[in-house]
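Taking it in order: structure first as structure tokens, then the write-up.
The values are calculated or read from the model by the stated rules, or taken from the named source; none is laboratory data. Everything quoted here is computed from the prediction, not taken from an experiment. Cβ: placed from backbone, ideal geometry, glycine included. Neighbour counts: every protein chain shown. Side chains are part of the model used for accessible areas, which takes the heavy atoms of the whole protein and leaves out ligands, DNA and RNA. Shrake-Rupley method; radii C 1.70, N 1.55, O 1.52, S 1.80 Å.
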Amino acid sequence: MIAILLSLATFVSTFFGGLFAIKNKDRLHLIMGFAAGVLLGVVFFDILPEIIEQIQEHNFGLTGMTVALVMGFLVFHILEKAIALHHSHEDEYAEHKHPHIGIASALALIGHSFMDGVGIGLGFQVSSQVGILVAIAVISHDFTDGMNTVTLMLTNKNSPAKAKVFLLFDALAPVLGAASTLLFTISPHFLVLYLGFFAGFLLYIGASDILPEAHSKHSSWKTIFLTVFGAALIFVITRFI
Ligand SMILES: [Zn+2]
């Protein structure tokens, strides 16, 4: 139940990100720097120690989890670049942009947001500490999901009204993802694999999406400081809960 309540916060985060996308982006770069640090911290100070604990407790091998982790990183890399490749390919033939590319990209983001919610729900199946920290990681980066949804829709010549509909779907997706985990419980072995996959996926969006975006206009010491601060903050939080 807490998983659902926390996923409602992701709804707010995604929605605000989307609405801010139209306005001043500069301050958002600072928040993005912070979110990247939070993601790094959650992966290494919370999810990985939890995975290692589960592996030791149940005597699982390491290989499956490490493969799942790398797959989490690569699957999202490939999906994202496949959409981008399609995009640049289209541009060779015509100057104008296609609304369907915006829709395909937005749908990929909605799928990603659904996974965010599943991550929160499954985190709570491990322990409430893991659930809460995964929720922090998701809430802190989900406004960039909302922002990207709107930006992708608008730059590909979709109407603002259509962009808002997709933003709404993107904001609802984590809530549905979290709710879906109430319908099933998974075995500890599958849970370890999923958490590994999720760690790889969070690492990818932190390092390859959010951090470059935080520095896309200009780099600043403030942004760098906030990234370090985000990671350090999660370290401190994980010592206390
Ligand atoms: Zn997300």
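Just a few scattered comments:
- Flag for Met147 being open to solvent by less than 10 Å² (accessible area, probe 1.4 Å), within 16 Å of the ligand (Cβ to nearest atom) and among the hydrophobic types (A, V, I, L, M, F, W, C): yes
- Among residues of segment 36-65, those that are of a type in the set (Val, Ile, Thr) and open to solvent by 40 Å² or more (accessible area, probe 1.4 Å), counted: 2
- Test result for Leu6, within 21 Å of Ile120 (Cα to Cα), assigned to a helix (DSSP H, G or I), within 15 Å of the ligand (Cβ to nearest atom) and open to solvent by 30 Å² or more (accessible area, probe 1.4 Å): yes
- Residue match in segment 182-193 (condition: hydrophobic (A, V, I, L, M, F, W, C), part of a helix (DSSP H, G or I) and within 16 Å of the ligand (Cβ to nearest atom)): no
- All positions within segment 107-124 that are open to solvent by 10 Å² or more (accessible area, probe 1.4 Å) and in contact with a Gly (Cβ under 8 Å, 6 or more places away or on another chain): Phe114, Met115, Val118, Phe124
- A single entry from Ala82, Ala163, Ala68, Ala104 fulfils the requirement of being open to solvent by less than 70 Å² (accessible area, probe 1.4 Å), part of a helix (DSSP H, G or I), modelled with pLDDT of 90 or more and farther than 17 Å from Gly206 by Cβ: Ala68.
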